[in-house]
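The values are calculated or read from the model by the stated rules, or taken from the named source; none is laboratory data. All figures in this text were calculated on a predicted structure; none of them were measured in a lab. Reconstructed Cβ throughout: ideal geometry from the backbone, glycine too, with neighbour counts over all protein chains shown.
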Amino acid sequence: MQENLVIVESPAKAKTIEKFLGKDFIVKSSFGHIRDLSKKDLGIRIDEGFAPVYEIPGDKKKVVDELARLAKNKTVWLASDEDREGEAIAWHLTEVLGLPVDRTKRIVFHEITKRAILEAIEKPRTVNMDLVNAQQARRVLDRLVGFELSPVLWKKVRPSLSAGRVQSVAVRLIVEREREIIAFRSKPYFRVVAQFYAAGDPDKTLFKAELSSRFDTQAQAEEFLRGTVGKAFTVAKAEEKPAQRYPAPPFTTSTLQQEAGRKLGMSVSQTMSVAQHLYEQGLITYMRTDSVNLSQQALAQCKEEIIRLYGEKYSRWFNYKTKTKGAQEAHEAIRPSYIDRQQIEGTTAEKRLYELIWKRTVASQMVCAEIDRTTVAIDIEGSPLQFIATGEVVRFDGFLRLYSESTDDDQTAESGEGLLPKMAQGDLLSVAGITATERFTQAPARYNEASLVKRLEELGIGRPSTYAPTISTIINRGYVVKQNKDGQKRSYVQLTLANAKVTAKTLTENFGKEKNRLSPTDIGMVVNDYLEAQFGSIVDYNFTASVEKEFDRVAEGDITWNRMIGDFYQPFHKMVDRAIEQQTDKKSQGRILGTDPATGHTVKARIGRYGPMVEIEGGEGQKSRFASLKKGQLIESITLDEALALFALPRMLGELDGEELTVGIGKYGAYVRYGKSFASLAKTDDPYTVSYDRAVEVVRAHKEAAATANKPLREFAEDPDMLVKNGRYGAYIAYQGKNYRLPKGAKAAELTLEECRKIVAGAKK
């Protein structure tokens, strides 16, 4: 008989652990949390010290019943994850199953290996109530904020909106970056690059150097180029310095999310989902951690593997230290469970993420790359300006042989770095050509998921377990969109000096292309502005970060969670009351764009019932006119001309079969109207430009589809009233003005008249 019951939170984890334990153990899953705050109301008794009211969801009652049955007369081991969330799951299990919290065995492990599981069994502890209280504090505080803020938004902004403590701050970051971009005005400049070779070099080996200054205008650049004709170029300084490049530390949750986004194109939620699968299969260590530390065993395994693959000279022994104060999971970084396992079986995503983790872990224990950096300053006769050439040579690749960290900045500056010839001060150089190319200053880049996580971490907002749900939430709420943008064509001028002559030519380039960048929606910007105005302290970066530190203090046992919540709630609740009391006129909200030249009435952009729109206000006794914004247009940046163009709808295109053919945009999107019927336009069709022929094509297709849908599946000449039709909810029989449901398993297209009559007769009984 099995005398021990081990409870984990995931079925996959249970399956893996069961392989390592003997026949005396049964391993079952709680399928995550078995209870949560009540959804019927607030779920918190504010007047009773913010006591939470928990309930078991309907879909968890069978799980609870099974665990309660199995727990009788057995030793129970609670083996949920080692973070605060896992500790809370363990505590809820003790509460629901009636287990004594001070005597029930709690085991934790950082990796799902036989060694780790057996060691945990040897050293059980009890549930850490400080960690439980930290999780409980977060859950209660976030429920309070959401429960009280959301109704304010319903009344003051628009129905069905919601707000959250961390989510609102994340939206604020994205909104502020968007406004930086809107306010940015690109300025042209000219970047000058020359190609030189040593005067005495018979091979005329070319190298590049860039002018130390840039020019604002084409005239200035052209004047400079002409001024270099016949001038001498001399090496003013040639410096060669050795340098080292250090490997990055092993992955934390945050850095894994960032690097997987950069190198693999994975979203934060996808990264965490795949990492979870790898962990539950026993392939990597726990994937929610703030730590960069590695165990002594892992360090030894890394050393052994590096020596085997690359030799002794590539190995170093170095354990990184976690700098984050109050790190929740300061045990070990994310690493492979078995360092000698370079490849795994699994999905493509699992293989790629595992390989990334393996390379990062092993590379962190490899020696630095040895680099020679060369800088050459080149004087121009009669000019205070200099050309600067830089070069970099890797003398020993070190960790670069295996892995190089990516960066967030995809707007990489043009570089002239390369291998430079040997030069000394006073050497004369010959110029092969000088080019001045028009460039443009760039707006700050929109956040992608990786760079947003990095910024949240820098500000101390959120924790490893919160980044993925935070980003998912703000996208699902419609406050932020993740989108791609095609580049636009842009002309630029290039001046070339060759053979003492300056020539100019105009070239074109694509600019502004974006992939998977986060942009705020209009409603996201409106909600952000309202929250900043009314609840500035709540969406303040420093305040939000300080709340995280308070959670850490609760986890360390320094303060009680009830007191922490009380200190927050009292001033917060007063802000809510004040916001509700303030009178706001929703119709007056919006951005005034100017005056309609046709009517002289005010034109403004604002949020309406069905989303962002522009309005031409009506005069006395007249109704206002409204038009929806196009995809990609923002209230913040739309111009008067762009707004007026939106009122071109509905467009009259002509007639079809004696009926007017018009194009417009309604509640459910763009449409073609003919008579009293409507046909939806495809997403690729622009209602402002769609042609008559295309509209006719859409109408014909709609009529054909309607006719097909209305055509009976079966007709019978012997009884014309008996019809088998295809309806909204499936096939049915229509007979003499009444409809009859088909029995389960009946094949509509094969029914005989006799079978139909039996179904009708049976239904009448």
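Does the range 249-266 contain any residue that is at pLDDT 95 or above, in a helix (DSSP H, G or I) and aromatic (F, W, Y)?
Scanning the range 249-266, I find no residue that is at pLDDT 95 or above, in a helix (DSSP H, G or I) and aromatic (F, W, Y), so the answer is no.
Name the one entry in I592, I580 that is outside any strand (DSSP E or B) and under 35 Å from the mean Cα position of the chain (by Cα). Steps first, answer last, please.
Values: I592 fails: outside any strand (DSSP E or B).
Only one candidate passes the filter, namely I580.
Given the condition closer than 30 Å to A349 by Cβ and not assigned by TED's automatic domain parsing to the domain that holds R316, answer yes or no: does some residue in the range 235-245 qualify?
yes
Could you look through the range 549-570, keep only residues that are of a type in the set (F, W, Y) and closer than 12 Å to Q135 by Cα, and pick out the one that is surrounded by the most Cβ atoms within 10 Å (Cβ to Cβ)?
Checked the range 549-570; the qualifying residue surrounded by the most Cβ atoms within 10 Å (Cβ to Cβ) is W561.
Hey, any hits in the range 270-293 for a residue that's of a type in the set (D, E, K, R), in a helix (DSSP H, G or I) and closer than 19 Å to F399 by Cα?
Narrowing the range 270-293 to residues of a type in the set (D, E, K, R): 280, 288, 290.
Next cut, in a helix (DSSP H, G or I) only: 280.
Subsequent filtering for residues that are closer than 19 Å to F399 by Cα retains none.
No, the range 270-293 contains no residue that is of a type in the set (D, E, K, R), in a helix (DSSP H, G or I) and closer than 19 Å to F399 by Cα.
For every residue, the table says whether it meets (1) in contact with a Pro (Cβ under 7 Å, 6 or more places away or on another chain); (2) at pLDDT below 95.
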residue: L278; (1), (2): no, no
residue: G282; (1), (2): no, yes
residue: V292; (1), (2): yes, yes
residue: Q297; (1), (2): no, yes
residue: Y310; (1), (2): no, no
residue: F318; (1), (2): no, yes
residue: A327; (1), (2): no, yes
residue: R335; (1), (2): yes, no
residue: V367; (1), (2): no, no
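So, in the range 408-429, how many residues would count as being at pLDDT below 95, under 30 Å from V493 (Cα atoms) and not acidic (D, E)?
Number satisfying all stated conditions: 8.
Just the residues that are charged (D, E, K, R), surrounded by 15 or more Cβ atoms within 10 Å (Cβ to Cβ) and over 33 Å from the mean Cα position of the chain (by Cα), please, taken from the range 19-37.
K28, the sole residue that qualifies.
Does R143 qualify as being assigned to a helix (DSSP H, G or I) and touching a Leu at 6+ places or on another chain (Cβ under 7 Å)?
Details: assigned to a helix (DSSP H, G or I): yes; touching a Leu at 6+ places or on another chain (Cβ under 7 Å): yes.
So R143 fits the description; yes.
Check the range 188-204 and report whether any residue there is at pLDDT 95 or above, in contact with a strand residue (DSSP E or B) (Cβ under 9 Å, 6 or more places away or on another chain) and either within 30 Å of I638 (Cα to Cα) or in a helix (DSSP H, G or I) (or both).
yes
What strands (runs of 3 or more DSSP E), lying completely within the range 1-78, carry at least 1 residues that are touching a residue at least 60 places away in the same chain (Cβ under 8 Å) and over 30 Å from M564 (Cβ atoms)?
4-8, 75-78
Residue check: is G664 under 29 Å from V526 (Cα atoms) and surrounded by 13 or more Cβ atoms within 10 Å (Cβ to Cβ)?
yes
Across the range 99-111, which residue is surrounded by the most Cβ atoms within 10 Å (Cβ to Cβ) among those that are more than 15 Å from Q297 (Cα to Cα) and in contact (Cβ under 8 Å) with a residue 24 or more places away in the chain?
Among residues in the range 99-111 that are more than 15 Å from Q297 (Cα to Cα) and in contact (Cβ under 8 Å) with a residue 24 or more places away in the chain, the one surrounded by the most Cβ atoms within 10 Å (Cβ to Cβ) is R106.
With the checklist (1) at pLDDT below 90; (2) closer than 30 Å to Y479 by Cα in hand, flag the one item D552 doesn't pass.
(1)
Do we find a residue being in contact (Cβ under 8 Å) with a residue 24 or more places away in the chain, buried (at least 18 other Cβ atoms within 10 Å of the Cβ) and in a strand (DSSP E or B) anywhere in the range 159-181?
Checked the range 159-181: no residue is in contact (Cβ under 8 Å) with a residue 24 or more places away in the chain, buried (at least 18 other Cβ atoms within 10 Å of the Cβ) and in a strand (DSSP E or B).
One residue is enough: does the range 98-111 have a residue meeting the conditions modelled with pLDDT of 90 or more and assigned to a helix (DSSP H, G or I)?
No, there is no match, as no residue in the range 98-111 is modelled with pLDDT of 90 or more and assigned to a helix (DSSP H, G or I).
Quick one: which of L653, L646, L634 is outside any strand (DSSP E or B), at pLDDT 85 or above and in contact with a strand residue (DSSP E or B) (Cβ under 7 Å, 6 or more places away or on another chain)?
L646
Which ones in the range 491-530 are basic (K, R) and touching a residue at least 12 places away in the same chain (Cβ under 8 Å)?
Listed by number, the residues that qualify are K505, K513, K515, R517.
With respect to the numbered conditions (1) aliphatic (A, V, I, L, M); (2) part of a loop (DSSP other than H, G, I, E, B); (3) modelled with pLDDT under 85, which one is the sole condition not fulfilled by A598?
Tallying (1) aliphatic (A, V, I, L, M); (2) part of a loop (DSSP other than H, G, I, E, B); (3) modelled with pLDDT under 85, A598 fails exactly one: (3).
Evaluate the range 702-714: report whether one residue or more is surrounded by 15 or more Cβ atoms within 10 Å (Cβ to Cβ), out of contact with any Ser or Thr (no Cβ under 7 Å at 6 or more places or on another chain) and in a strand (DSSP E or B).
Within the range 702-714 (the criterion being surrounded by 15 or more Cβ atoms within 10 Å (Cβ to Cβ), out of contact with any Ser or Thr (no Cβ under 7 Å at 6 or more places or on another chain) and in a strand (DSSP E or B)), the answer is yes, since at least one residue qualifies.
If you take the residues in the range 587-619 that are among the small types (G, A, S) and surrounded by 15 or more Cβ atoms within 10 Å (Cβ to Cβ), which one is nearest to A645 (Cα to Cα)? Steps first, answer last, please.
Of the residues in the range 587-619, the ones among the small types (G, A, S) are 588, 590, 594, 598, 600, 605, 608, 611, 618-619.
Okay, now just the ones that are also surrounded by 15 or more Cβ atoms within 10 Å (Cβ to Cβ), so 590, 605, 608.
On the way: G590: 19, A605: 13, G608: 18 Å.
By that ranking, first place goes to A605.
Which of the numbered conditions does I607 fail, given that it passes all the others? Conditions: (1) at pLDDT below 85; (2) within 30 Å of K482 (Cβ to Cβ); (3) touching a Ser or Thr at 6+ places or on another chain (Cβ under 9 Å).
All conditions are met except number (3).
Of the residues A679, A695, which single one is in a strand (DSSP E or B), closer than 30 Å to V614 by Cβ and of a type in the set (G, A, S)?
A679
Suppose we keep only residues that are surrounded by fewer than 18 Cβ atoms within 10 Å (Cβ to Cβ) and touching a residue at least 40 places away in the same chain (Cβ under 8 Å) within the range 215-229. Which one would you say is nearest to G433 (Cα to Cα)?
Step by step, filter the range 215-229, then rank; the result is V229.
Any residue that is over 24 Å from V527 (Cβ atoms), β-branched (V, I, T) and more than 39 Å from the chain's Cα centre (by Cα) - is there at least one of those in the range 608-626?
No; the residues of the range 608-626 include none that is over 24 Å from V527 (Cβ atoms), β-branched (V, I, T) and more than 39 Å from the chain's Cα centre (by Cα).
Which condition does S628 not pass, out of (1) under 26 Å from K156 (Cα atoms); (2) surrounded by fewer than 18 Cβ atoms within 10 Å (Cβ to Cβ); (3) in contact (Cβ under 8 Å) with a residue 12 or more places away in the chain, if it passes all the others?
(2)
For the range 706-717, state whether one or more residues are over 30 Å from T684 (Cα atoms) and of a type in the set (K, R). Break it down stepwise before answering.
Our first condition is that a residue be over 30 Å from T684 (Cα atoms); within the range 706-717, this holds for 712-717.
Then drop every residue that is not of a type in the set (K, R), which leaves 714.
Yes, some residue in the range 706-717 is over 30 Å from T684 (Cα atoms) and of a type in the set (K, R).
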